[in-house]
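Chemist: Before we start, here is the structure in question, set down as structure tokens.
The values are calculated or read from the model by the stated rules, or taken from the named source; none is laboratory data. In this text, all values refer to a predicted model and were calculated from it rather than measured experimentally. When we count neighbours, we look across all protein chains shown, and the Cβ atoms used for this are built from the backbone with ideal geometry, even at glycine. Just so you know, the surface numbers come from the protein's heavy atoms only, side chains and all, with ligands and any DNA or RNA stripped out. Shrake-Rupley method; radii C 1.70, N 1.55, O 1.52, S 1.80 Å.
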Amino acid sequence: DVVETQEHYKSRWRSIWIMYLTMFLSSVGFSIVIMSVWPYLQKIDPTADASFLGWIIASYSIGQMVASPLFGLWSNYRPRREPLVISTAISVAANCLYAYVHVPHSHNKYYMLTARALVGFGAGNVAVVRSYIAGATSLTERTSAMANTSACQAVGFILGPVFQTCFTLIGEEGITWKFLCLQLNMYTTPVLFGALLGVINIILIFAIFREHRVDDMGRQCKSINSDGEESDVLDQNTEGSIDHVAVVALNVLFFVILFVFAVFETIATPLTMDMYSWTRKEAVFYNGIILSVIGIESVIVFMVVKILSKKTGERAILHAGLLIVLIGFFILLPWGKKLPNIQWQEIKNNSIPRTAPTEMLMPFWSLQEVQLPSNHTAEPVGCPITQSWCLNTPMIYLAQYISSDVLIGLGYPVCNVMSYTLYSKVLGPKPQGVYMGWLTASGSGARILGPVFVSQIYTHLGPRWAFSLICGVVVASLLLLEIVYKRLIAFSVRYGRMQE
């Protein structure tokens, strides 16, 4: 057995902290524009409707789903610095492209789609980050390290909307640098800031990051990624087959967890605009604050989970987290009798026809409060008349919405960190790049289907159908967890090398 030296320990944890930073920047790249995509899209390309918005939000996850297994495979055989630097550089370039999507005279929405897809492709390095942390921590360190990783991801989700909220002070016009054809406004400044953070991350990867690996007991092992050299035998403790039933089950559970959260964050803006008569700017601002508070809640949950998992185990906590998410969506169902304010808007004089999905995200003032002028210079607000369910579905009260936010903000981080921790433990000491790539890809698939699902179901059938179906999906995931509960144990425990 090779005893880990103090120098190796310090270098190993410095490298892990760089991975935390990379995870943070990946989530910032997603969340920093999530609240402003729709108004920016309307501004640069009036032909885009809400269905296209669903694809723009989903494009990030499509890019990540494609890239994650590729970067994971790459990291299994080559120094991880290579995929980390290349992926981050792609994200930086894509953020710069997003800042220029207003420049072309046509097809601007497709340039935005491309930019977001490339940002997502760069975010495929999450698989590399997770596989490195799994291989660079012992079994006793794993839960804490995975919780810290998810906490950094949550902080990214917190600060992304915070940055966006702060940048709204610049306004929609902002400052124009003609010699660069660049507009610095509330839509472009956040992504340029994200690009700057990416450049800093690349510098830190070159300066500080090193390859390290320890086995489940914490003993220092040779990494196959070191200097591009492979060792003949990694470790006697790698002998044994992985429980693929548990692996598939955890992939399915992770898909459900990410799916319901993608639905939740995608529906926030249109739901509040329809139910509470918020304008575009108000929806971006208020939801940014709400998501920031949820993010702070999530970080606290991650810290508490590290302590609770030592007493109750990861499986029980995952079960509790899914139950909390179920209650959160159940509360979000329309229960009252009061109907939302209706947006009565003339259509005949519009040069561009409005479809039901287009109206889904349009803000609104109630007819009783504001008399719209004939030229429509005032921003219409309310639940669009083109969404037929607005006429008979009770509104979701603000207290319901906030209560649901609090519960989902509690349950989601618990499920996220526990599923990652259990997954890495089930896989054991073998290289996890490809497996982590598939797990990340399943989460990305959920982020693809979530926005598309909610943009269609919510628009045509309303919140009652949308959230009822989500409740059904969570119940099915709870049943699956019960079926595979006893199989979700660590690789070393399964083969009797360690006690649970």
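Chemist: Note the direction-averaged projected area, equal to a quarter of the hull surface, for the Cα convex hull of the chain, in nm².
Modeler: Quarter of the Cα hull surface area: 23.5 nm².
Chemist: Related question: Suppose every K and R has +1 on its Cβ and every D and E has -1 on its Cβ; what is the size of the dipole of the chain about the Cα centre, in Debye to the nearest 20?
Modeler: So the dipole magnitude of the chain works out to roughly 300 debye.
Chemist: Normalise the Debye intensity by I(0) for segment 130-214, one equal point scatterer per Cα, no solvent, then take log10 at q = 0.12, 0.16, 0.21, 0.24 Å⁻¹ and round to two decimals.
Modeler: -0.57, -0.80, -1.04, -1.17
Chemist: Let me ask something else. By how many degrees, 0 to 90 and rounded to 10, does the Cα axis of helix 6-31 deviate from the longest principal axis of the chain?
Modeler: Between the helix axis and the principal axis of the chain, the angle is about 20 degrees.
Chemist: How high is the relative contact order of the chain, in percent, counting Cα pairs under 8 Å that sit 6 or more residues apart? Can you show the working numbers first?
Modeler: Details: 925 pairs, mean separation 124.1, N = 500.
Over the chain, the number comes to 25 percent.
Chemist: Then there is this: Based on alpha-carbon atoms only, what is the radius of gyration of segment 13-57 relative to the globular estimate 2.2 N^0.38 Å?
Modeler: Numbers: Rg = 15.6 Å, N = 45, 2.2 N^0.38 = 9.3 Å.
Normalised Rg, Cα atoms only: 1.67.
Chemist: Can you give the angle from 0 to 90° between the axis of helix 244-276 and the longest principal axis of the chain, with both taken from C-alpha atoms, to the nearest 10?
Modeler: Tilt of helix 244-276: around 20 degrees.
Chemist: Could I ask something else about it? Rank 113, 118 by accessible area, highest first, at a 1.4 Å probe radius?
Modeler: These residues rank, largest area first, as 118, 113.
Chemist: Related question: Pairing the Cα long axis of helix 314-331 with the longest principal axis of the chain, what angle in degrees results, from 0 to 90 and rounded to the nearest 10?
Modeler: In the chain, helix 314-331 runs at an angle near 10 degrees to the longest axis.
Chemist: Something else now. Under 30 Å between alpha carbons, and skipping anything fewer than 8 positions from residue 43 in its own chain: which lysines qualify?
Modeler: 109, 178, 281, 348
Chemist: Report the one residue of 449, 466, 245 whose Cα lies farthest in the direction of the positive end of the charge dipole of the chain (charges on C-beta: Lys and Arg +1, Asp and Glu -1; origin at the Cα centre).
Modeler: After comparing all options, I get 245.
Chemist: By the 4.7 Å beta carbon criterion, which cysteine residues of the chain come out unpaired?
Modeler: 96, 152, 166, 181, 221, 415, 471, each lacking another Cys Cβ under 4.7 Å.
Chemist: First compute the accessible area of the chain with a 1.4 Å probe, then give the percent of it belonging to carbon and sulfur atoms.
Modeler: C and S atoms contribute 66 percent here.
Chemist: I've got another one for you. Out of segment 126-224, which GluC sites (Glu not before Pro) are coil in DSSP terms and have no more than 11 other C-beta atoms within 10 Å?
Modeler: 173
Chemist: How far apart, in nanometres, would the label points at residue 399 and residue 469 be if each is projected 7 angstrom from Cα along the Cα-to-Cβ direction?
Modeler: 3.0 nm
Chemist: Measuring with a 1.4 Å probe in the full set of protein chains, what accessible area per residue, in whole Å², belongs to the chain?
Modeler: 40 Å²
Chemist: Hey, could you grab the Kirkwood Rh for segment 252-351? Inverse mean 1/r over distinct alpha carbon pairs, Å, one decimal. Working shown, then result.
Modeler: Details: mean 1/r = 0.0599 Å⁻¹.
Taking every pair of different Cα atoms in segment 252-351, averaging 1/r and inverting gives 16.7 Å.
Chemist: Through the Karplus equation 6.51 cos²θ - 1.76 cosθ + 1.60, θ set to phi - 60°, convert the phi angles of segment 412-424 into ³J(HN,Hα) values in whole Hz; use x for Gly and Pro.
Modeler: Calculated HN-Hα couplings, in order: 4, x, 4, 5, 4, 5, 5, 5, 5, 5, 4, 4, 5 Hz.
Chemist: If you don't mind, there's one more thing I want to ask. Which lysines, on any chain, are close to residue 486 with Cα under 24 Å apart, when same-chain ones fewer than 8 places away are left out?
Modeler: 306, 310, 311, 425, 430
Chemist: Okay, moving on. Once the whole set of protein chains is in place, how much accessible area is left on residue 217, using a 1.4 Å probe, in Å² to the nearest 10?
Modeler: So the heavy atoms of residue 217 present about 80 Å² to solvent.
Chemist: Leaving ligands, DNA and RNA out of it, rank 306, 338, 311 by accessible area with a 1.4 Å probe, largest first.
Modeler: Working: 306 45, 338 120, 311 165 Å².
The most accessible residue leads, giving 311, 338, 306.
Chemist: If you don't mind, there's one more thing I want to ask. What distance in nm separates the simple spin-label points at residue 316 and residue 93, each placed 7 Å from Cα in the Cβ direction?
Modeler: Roughly 5.1 nm, to one decimal.
Chemist: Would you mind checking the radius of gyration and Dmax of segment 8-90 based on alpha-carbon positions, in Å?
Modeler: Considering segment 8-90 through its Cα atoms, Rg and Dmax are 17.0, 57 Å.
Chemist: Have a look at 15, 52, 107 and report the one farthest towards the positive end of the charge dipole of segment 1-222, computed about the Cα centre with Cβ charges (Lys/Arg +1, Asp/Glu -1).
Modeler: 15
Chemist: Let me understand segment 1-222 better: what is its radius of gyration from the alpha carbons, and its Dmax, in angstrom?
Modeler: When restricted to Cα atoms, segment 1-222 yields Rg and Dmax of 19.1, 65 Å.
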